[in-house]
Amino acid sequence: NFKPYGDADLRLTEGVTVIHGLNGSGKSSLLEACFFALYGSKALDGTLEDVITNGEEETEVELWFTHDGVSYRVERRLKSY
């Protein structure tokens with residue numbers, strides 16, 4: 001429930017990845033989700049409530065990646081009150 005994404009699973013493999021689409025389709029939101037997972041609210045331009053999909057009460061971002069042969073998992077959740 002992060003911005004336009006209700007549920008998304010994006011797997012990027014080694015090499016170059018190109019993300020393209022129409023304006024407003026969610027390309028920037030994918031990067032924002034990664035920044036939010038890593039850095040929290042400081043990575044967001046708007047308010048925390050702006051990232052929760054309209055009509056939903058919470059958002060969750062899970063980021064899995066490997067660096068220098070070590071696997072990492074970062075999870076961040078946000079609830080609106």
With R₀ set to 35 angstrom, the calculated FRET efficiency between the beta-carbons of Asp68 and Ser28, to the nearest 0.05, is 0.80
When the Cα atoms of the chain are enclosed in a convex hull and the volume is divided per residue, what value in Å³ results?
-> 104 Å³
Kindly put Lys27, Lys3 in sequence by how many other C-beta atoms sit within 10 Å of each C-beta, fewest to most.
-> Lys27, Lys3
To the nearest 10 degrees, how steeply does helix 27-39 sit against the main Cα axis of the chain, on a 0 to 90 scale?
-> 90 degrees
When the chain is treated as a GNM, springs tying every alpha-carbon pair under 10 Å, which of Leu30, Leu22, Leu38 comes out with the largest mean-square fluctuation?
-> Leu22
For Val18 and Ser80, what does the FRET efficiency come to when R0 = 25 Å and r is the distance between their Cβ atoms, rounded to the nearest 0.05?
-> 0.15
Rounding to the nearest 20 debye, state how big the charge dipole of the chain is about its Cα centre with +1 on each Lys and Arg Cβ and -1 on each Asp and Glu Cβ.
-> 160 debye
Among Gly69, Gly21, Gly55, which one moves the most in a GNM of the chain with springs linking Cα atoms closer than 10 Å?
-> Gly69
Once normalised by the length of the chain, the mean sequence separation of its alpha carbon contacts under 8 Å that are 6 or more apart gives a contact order in percent of 31 percent
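Readers should treat all values here as calculations from the given coordinates under stated rules, not as data from a laboratory. Just so it is clear, the model here is predicted, and its values are computed rather than measured. Backbone-built Cβ (ideal geometry, glycine too); neighbour counts: all protein chains shown.
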